[in-house]
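Worksheet for the structure shown next.
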Amino acid sequence: MRLLIKNIGQLIGIEEKGTWKSSFPKGKEMAGLGVIKDAWLAVEDGRIADFGSMTSFPGVTDWAGLELVDAENCVVLPTWADSHTHIVYAGNRQDEYVDRIKGL
């Protein structure tokens with residue numbers, strides 16, 4: 001499957017190319033999300049293949065089997081994952097996550 005999402009109002013959770021940090025965010029750094037405005041995102045076989053701002057969009061050369069989505073003024077969150085607690089733990093860790101974001 002090939003998917004191209006273009007004209008994304010805000011692509012959240014992804015940093016613009018060339019701005020990658022050398023390590024994963026920790027503590028207070030976790031409170032900020034990377035955002036690319038007016039962006040595009042390419043997906044191949046269920047994985048992010050490429051992305052960037054529309055000003056750097058290289059265009060499409062192979063339209064075969066490509067699903068195109070125009071996400072004008074929409075928000076796309078491609079990197080979010082299900083954070084969960086296993087059933088053997090009867091509580092939740094919601095407060096611990098907030099503490100980590102605050103750098104505690």
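The values are calculated or read from the model by the stated rules, or taken from the named source; none is laboratory data. Keep in mind it's a predicted model, so treat the numbers as computed, not measured. All Cβ positions, glycine included, derive from the backbone under ideal geometry; neighbour counts span all protein chains shown.
Can you tell me which residue is modelled with the highest pLDDT among those in segment 1-47 that are hydroxyl-bearing (S, T, Y) and closer than 19 Å to G103 by Cα?
Taking segment 1-47 as the starting set, the residues that turn out to be hydroxyl-bearing (S, T, Y) are 19, 22-23.
Subsequent filtering for residues that are closer than 19 Å to G103 by Cα retains 22-23.
On the way: S22: 58, S23: 66.
Going through the qualifying residues, I end up with S23.
Which pairs do you get when a residue that is surrounded by 10 or more Cβ atoms within 10 Å (Cβ to Cβ), found in segment 57-78, comes within reach of a residue that is in a loop (DSSP other than H, G, I, E, B), reach meaning Cβ atoms under 6 angstrom, with the pair 6+ apart or on two chains?
That search, which allows pairs on different chains as well, returns L77/G13.
Which of the residues belonging to segment 28-37 are assigned to a strand (DSSP E or B) and either over 14 Å from I5 (Cα atoms) or touching an Asp or Glu at 6+ places or on another chain (Cβ under 9 Å) (or both)?
Here is the first cut: in segment 28-37, the residues assigned to a strand (DSSP E or B) are 35-37.
Hits for segment 28-37 are V35, I36.
Given the condition at pLDDT below 85 and under 19 Å from the mean Cα position of the chain (by Cα), answer yes or no: does some residue in segment 52-71 qualify? First the steps, then the outcome.
The first filter runs over segment 52-71 and keeps only residues at pLDDT below 85, leaving none.
Within segment 52-71, none of the residues are at pLDDT below 85 and under 19 Å from the mean Cα position of the chain (by Cα).
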